[in-house]
1. So for the pair Leu33, Glu127, with labels modelled 7 Å out along Cα→Cβ, what separation do we get in nm?
2. If I model a spin label at Gln87 and Val139 as a point 7 Å from the Cα along the Cα→Cβ vector, what separation in nanometres do I get?
3. Which of the GluC sites (Glu not before Pro) found in the range 108-144 are loop residues per DSSP with 15 or fewer other Cβ atoms within 10 Å of their Cβ?
4. Among Glu37, Glu90, rank each residue by its count of other Cβ atoms within 10 Å, from fewest to most, as a rough exposure measure.
5. When you have a sec, figure out the Kirkwood radius of the range 29-161 from all distinct Cα pair distances and drop it here in Å to one decimal?
6. Would you mind ranking Ile123, Ile77 so that the residue whose beta carbon has the fewest other beta carbons within 10 Å leads the list?
7. Which order do His86, His28 fall in if you start with the one that has the fewest other Cβ atoms within 10 Å?
8. Gain in length, Ala18 to Asp108, computed as 0.36 nm per residue apart minus the alpha-carbon separation, to one decimal in nm?
Amino acid sequence: MARLRQPREDAEVRAARALPRLVDVVPHRPPMLLLDEVVAWDGARVECRVVLRDDSPFVEGGRVASTLAIEYMAQCIAVFVGLEAHQRGEPISVGYLVGAREIVLPPDGFRVGDVLAVEAIPIWGGETLGSFQCKVDRVGEVVASGALNVYRGNLRELGRS
């Protein structure tokens with residue numbers, strides 16, 4: 001008797017199943033945790049999802065300002081850093097957005113019902129400073145992007161030379 005073959009799972013599906021909850025890898029908490037879930041992470045990039053609902057923070061009249069894309073991208077970076085720490089068994093640390101370059105934002109903002117894919121890929125960095133190339137995709141179209149610079153550590157240390 002012929003044996004039925006099980007459908008193959010792709011690596012992202014398997015990896016997503018093993019990913020911790022967002023609240024286990026970022027310091028943000030609702031309502032300021034704006035991302036809904038981690039979709040994929042392979043150690044070289046992370047992708048998160050945001051579904052805009054009527055009760056989502058910052059929704060006014062069914063719309064969200066395009067500038068919120070910067071926070072979506074920054075939180076996606078926090079997820080990347082948090083997943084690395086989680087993998088090493090380290091605690092969550094607080095990070096700060098300290099700069100941004102080549103920011104592109106959608107002129108019309110976002111609407112309730114939009115499903116956004118947010119991606120962060122490290123460009124360079126170390127223990128305390130880093131830069132990530134980020135993008136926000138809506139229905140297969142990149143609508144926001146930029147390079148975000150982040151700092152992780154005690155802000156008082158920045159003033160010491």
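What follows draws every value from the coordinates through simple rules; no lab data is involved. Bear in mind the structure is a predicted one, so any value in this text is a computation, not a measurement. Don't worry about glycine lacking a Cβ; one is built from the backbone with ideal geometry, like all the others, and counts go over all protein chains shown.
1. About 2.8 nm, to one decimal.
2. Once both label points are built, they end up 3.5 nm from each other.
3. Filter output for the range 108-144: Glu127.
4. Ordered by Cβ neighbours within 10 Å, fewest first: Glu90, Glu37.
5. Answer for the range 29-161: a Kirkwood hydrodynamic radius of 15.3 Å.
6. Ordered from fewest to most neighbouring Cβ atoms within 10 Å, Ile123, Ile77 come out as Ile123, Ile77.
7. His86, His28
8. 28.8 nm
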